[in-house]
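Asks: This is the structure I want to talk about, given as structure tokens.
Please treat every number below as a calculation from the coordinates, not as lab data. Because the structure is predicted, anything quoted here is derived from the model rather than measured. Positions of Cβ are generated from backbone atoms using ideal geometry, with glycine treated the same way; all protein chains shown enter the neighbour counts.
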């Protein structure tokens, strides 16, 4: 691969590992706050993000290059509320979308059609990720100050396989 494409893929791989780390920390927060269903949803999200990173890791190897693993920066230790967690989830998924779009653009600019084809899966996946985050966040707005809402949301999120 061209150096610019490889650099971009390595950055994306490490961003996906950070995402896994971020969601793992959010899961711990939700668990400690008593929202076991939400903790499980976030833990599954962490696993999914790690799978995304490993997909890029394997692609880099398949192309004959070396993945460059970077340090993972610390994640926030605490959150104000469950709503705060999902505001950060939505913002983070938008950020990841921007990163993936930029990576796909680099692949196109460098005329690396194999990498561009590979990244299209991630482009499509981000549509679902942002939509899901926005849907959950929208439920907080719709619920207003309904005290039973959090427990209902926790039960629904806990059904994620």
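Asks: Among 108, 137, 24, which one shows the biggest mean-square fluctuation in a GNM of the chain, springs joining Cα atoms closer than 10 Å?
Replies: Largest GNM mean-square fluctuation: 108.
Asks: Evaluate the relative contact order of the chain (contact order divided by residue number), counting alpha-carbon pairs under 8 angstrom at least 6 apart; express in whole percent.
Replies: With pairs under 8 Å counted, the relative contact order is 33 percent.
Asks: Estimate the FRET efficiency between residue 54 and residue 149 by the formula 1/(1 + (r/R0)^6), using the beta-carbon distance for r and 35 Å for R0, to the nearest 0.05.
Replies: Efficiency for this residue pair is about 0.50.
Asks: Need one number: the % of Cα-Cα pairs in the chain sitting beyond the 24 Å mark.
Replies: Pairs farther apart than 24 Å: 38 percent.
Asks: Could you give the angle, 0 to 90 degrees to the nearest 10, between helix 82-109's Cα long axis and the longest principal axis of the Cα atoms of the chain?
Replies: The angle comes out near 10 degrees.
Asks: Now for a different question. Consider just the alpha-carbon atoms of region 87-161 and return their Rg together with their Dmax, both in angstrom.
Replies: Reported Rg and Dmax, both Å: 16.8, 54.
Asks: Roughly how tilted is helix 3-32, in degrees to the nearest 10 and between 0 and 90, from the longest Cα axis of the chain?
Replies: Approximately 20 degrees, to the nearest ten.
Asks: Would you compute, for the Cα atoms of region 25-103, the largest minus smallest coordinate along each principal axis and list the three values in descending order, in whole Å?
Replies: The Cα atoms of region 25-103 stretch 46, 22, 20 Å along their principal axes.
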